[in-house]
Amino acid sequence: MSLEGVNLNRGFFQLTVPYHWLSWIGWVIGLLMVIGGLVTFMSGGGIIAAFGFFLTGILSPASLEADLHNIRKNAPQPDDLEADALKNGYELESWFFGRSSYSPTNDPSDWILPAPGPSTWNQDDRYAPDGDGSALAEHPTKVGTPLPATFSTFGISMVMFIILLAISFGMIMVDEQTAIDNGEVLAEEAMMKYTPLVMSVIGVIWLIVGYLQHKRQQQMIDTPTSLVRSVAVGSAELVGQVRPAPEKWINVAVDGNQRRMIPGCVDFNWIYEVYVCRQETSTDSEGNTTTKEVCNWQKVRSDKGHVPFMLHDGTGAIRVESGSFKKKELGQYVKRWSSSHADTMRDHFQTEFAARLFRKGDVRKHRWTAYALRIGNPVYLLGMIKPRSREELAQEGLDGTIGHTAISAHGENTPGMKANIQRGTELANLGKIRSSAELLIMPIVCILCGIGMFALI
């Protein structure tokens with residue numbers, strides 16, 4: 001399995017459609033909103049059509065994402081990695097107690113190309129290179145750096161979102177101005193003064209999110225990836241596979257329950273939440289009261305932990321002091337458990353009592369969600385490479401004559417570089433990126449439309 005035949009430079013335009021059934025459902029709903037909104041455009045359906053395009057845009061993958069997903073899906077994994085993998089998909093554990101679990105069947109942060117399994121690792125010398133000492137198949141020095149299409153389905157959908165939203169808001173403003181001129185509505189009661197503000201706020205939020213994402217991915221693109229065997233002291237970008245340090249790993253029992261086990265973790269966090277429903281009563285200006293049920297997930301408790309690990313890129317391994325990294329992105333959750341009851345009667349009544357006392361509601365569901373970086377996972381790192389002390393080397397029985405054994409990676413920021421750890425290789429992370437035009441230019445256009453509306457008012 002290789003990237004042969006996959007163009008990593010996507011050019012000007014790339015049509016993309018969802019590759020997951022849940023995204024397909026939302027995508028189809030968005031298209032129905034577009035069709036229905038356009039049919040009723042003159043009756044105010046333009047806003048519905050606009051948000052239909054917004055939904056299809058958000059659910060459309062990046063220009064390279066679907067191709068990488070297909071390669072990942074068809075790539076064979078070593079038997080020893082498969083044996084340690086969590087069971088994917090939905091599993092009903094107890095019908096009576098409403099217990100079930102789910103592990104996502106698609107992990108956009110997983111290996112795209114086959115990864116070496118534990119049986120091939122050097123068990124005597126964790127710092128030694130693999131095989132002939134060449135880099136992993138998915139290392140940036142072998143696959144290169146992907147470039148997204150200038151415009152994709154996301155970009156076209158968002159352009160239509162901006163156009164239709166601007167036209168719909170413009171029609172509202174014209175109608176209200178006509179009503180004001182005819183004396184049907186007082187100027188101070190008109191809602192048109194809010195439409196430019198809504199347009200501008202959407203653009204500003206979009207621009208902030210886009211800028212942060214653009215800045216992060218440009219840092220990833222612009223920073224050359226070092227090989228472990230030749231990495232120097234100072235700031236560096238590394239890509240490789242998580243392997244155990246002398247501290248081994250953590251087998252995490254989520255919320256202390258052995259049924260919810262995540263094995264082989266070097267970094268993890270989990271959260272326990274309850275689904276609380278309550279009745280809320282509101283009164284309108286005419287004195288009419290309405291009661292509706294409001295439900296939301298609320299956090300009960302959480303936990304996180306880590307141990308140092310080895311980042312191995314095929315040429316050798318380097319120790320990573322994961323506890324020194326403040327910014328970590330572990331990707332989507334590895335497993336989620338749901339239940340209609342808490343683990344114990346004591347917990348069940350405690351959460352129910354707290355919900356009734358403090359939130360004026362009752363608990364309908366319980367869920368536990370776990371995120372983890374595990375042995376064998378791909379990992380991307382930006383950090384500071386520092387020399388190790390003689391005491392550290394002596395504890396591992398190292399003499400420091402081999403360069404990468406005498407250094408370690410730390411989560412220290414430098415000017416222009418924010419130290420971070422991400423699950424997934426550079427290719428996997430950059431495969432999800434969108435172009436600068438889609439992230440920055442279009443939200444600026446949205447803001448300008450809002451400013452233009454202010455001028456019209």
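We did not get these values from a lab; they are worked out from the coordinates using the rules stated. None of the values given here were measured: they were computed from a predicted structure. As a convention, Cβ positions derive from the backbone with ideal geometry for all residues, glycine included, and neighbour counts pool all protein chains shown.
Modelled label positions at residue 295 and residue 15, each set 7 Å beyond Cα in the direction of Cβ, lie 4.0 nm from each other. Extension gain for the segment residue 412 to residue 451, taken as residue separation times 0.36 nm less the Cα-Cα distance, is 9.9 nm to one decimal. Placing dummy labels 7 Å off each Cα toward the beta-carbon, the span from residue 444 to residue 215 is 1.6 nm.
Measuring between alpha carbons in the structure, the pairs from 215/299; 326/432; 326/365 lying more than 28 angstrom apart are 215/299; 326/365.
Sort the following peptides by mean Cβ neighbour count (other Cβ atoms within 10 Å, averaged over residues), highest first: 363-373, 413-423. Numbers along the way, then the final one.
Working: 363-373: 20.8, 413-423: 16.8.
By packing density, highest mean first, the sequence is 363-373, 413-423.
Rounded to the nearest Hz, the phi-derived 3J(HN,Hα) couplings of segment 326-341 under the Karplus curve 6.51 cos²θ - 1.76 cosθ + 1.60 (θ = phi - 60°) are 7, 9, 9, 10, 8, x, 6, 4, 8, 7, 9, 10, 10, 7, 7, 9, where x marks glycine and proline. The listed peptides 36-49, 303-316, ordered by packing as a protection proxy, come out as 303-316, 36-49 (highest mean of other Cβ atoms within 10 Å first).
Between amide H atoms placed 1.01 Å from N, distances below 5 Å from residue 361 occur with 356, all of them 5 or more places distant or on a separate chain. Averaging 1/r over every pair of different alpha carbons in segment 167-312 and inverting the result gives a Kirkwood radius of 22.7 Å. Pairwise Cα distances in segment 62-181 exceed 20 Å for 69 percent of all pairs. Annotation: amide H-H contacts under 5 Å for residue 147 (H modelled 1.01 Å from N, sequence separation of 5 or more, or interchain): 9, 10. Return the FRET efficiency for the residue pair residue 205, residue 399: r is the Cβ-Cβ distance, R0 is 45 Å, and the value is rounded to the nearest 0.05. So the FRET efficiency works out to roughly 0.25. Remark: segment 50-63, residue by residue, has Karplus-estimated 3J(HN,Hα) of 4, 6, x, 5, 4, 5, 5, x, 4, 8, 7, x, 5, 4 Hz, where x stands for each Gly or Pro and the curve is 6.51 cos²θ - 1.76 cosθ + 1.60 at θ = phi - 60°.
What full-extension length gain, to one decimal in nm, is calculated for residue 362 and residue 389 as 0.36 nm per residue of separation minus the Cα-Cα distance?
Here the segment from residue 362 to residue 389 would lengthen by 4.2 nm.
Ellipsoid semi-axes for the chain, based on the Cα gyration tensor and the rule √(5λ), read 46, 31, 21 Å when sorted largest first. Using C-alpha pairs below 8 Å separated by at least 6 residues, the relative contact order for the chain is 22 percent. Taking Cα atoms only, the orientation of helix 442-456 departs from the longest principal axis of the chain by about 20 degrees.
Counting only alpha carbon atoms, the long axis of helix 345-358 and the longest principal axis of the chain meet at about 40°.
Each peptide in 164-172, 70-78 was scored by the mean count of other Cβ atoms within 10 Å over its residues; highest first, the order is 164-172, 70-78. For segment 166-179, putting each phi into the Karplus relation 6.51 cos²θ - 1.76 cosθ + 1.60 with θ = phi - 60° gives couplings of 5, 5, 4, 5, x, 5, 4, 5, 5, 4, 5, 5, 5, 5 Hz, in residue order, rounded to whole numbers and with x for Gly and Pro. Label separation (residue 282 vs residue 86): 3.7 nm, computed from points 7 Å beyond Cα along the C-beta direction. Between helix 65-74 and the chain there is an angle of about 40 degrees, using the helix long axis and the longest principal axis of the Cα atoms. Counted by Cβ distance under 13 Å from residue 127, the other residues give a net charge of -1, where Lys and Arg count +1 and Asp and Glu count -1.
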